[in-house]
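Working notes, structure below.
The values are calculated or read from the model by the stated rules, or taken from the named source; none is laboratory data. Not measured: the values here are computed from a predicted model. Cβ coordinates were reconstructed from backbone atoms using ideal geometry, including for glycine residues, and neighbour counts include every protein chain displayed.
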Amino acid sequence: MTLVGFGTFQVRQREERKGVNPQTKEALTIPAKKVPKFKAGKELREAVE
């Protein structure tokens, strides 16, 4: 989805990865999932600078 002058949103696939539960120190697998990704448009980048 593109918002002219603001930026673009896309859906990306995040791969499965290994992690650790900080309370129990137990190793676990974090499943793959879809996450949003945002790329700022030129006008937004210029406004923030």
message = Cβ-Cβ under 9 Å, sequence separation 6+ or interchain: first residue in segment 24-48 and more than 22 Å from Phe6 (Cα to Cα) and exposed (fewer than 10 other Cβ atoms within 10 Å of the Cβ), partner modelled with pLDDT of 95 or more and aliphatic (A, V, I, L, M). Which pairs?
response = Glu26/Val20; Ala27/Val20; Lys34/Val11
note = Note: among Val4, Val20, Val35, just one is touching a Lys or Arg at 6+ places or on another chain (Cβ under 8 Å) and either at pLDDT below 95 or hydrophobic (A, V, I, L, M, F, W, C) (or both), namely Val35
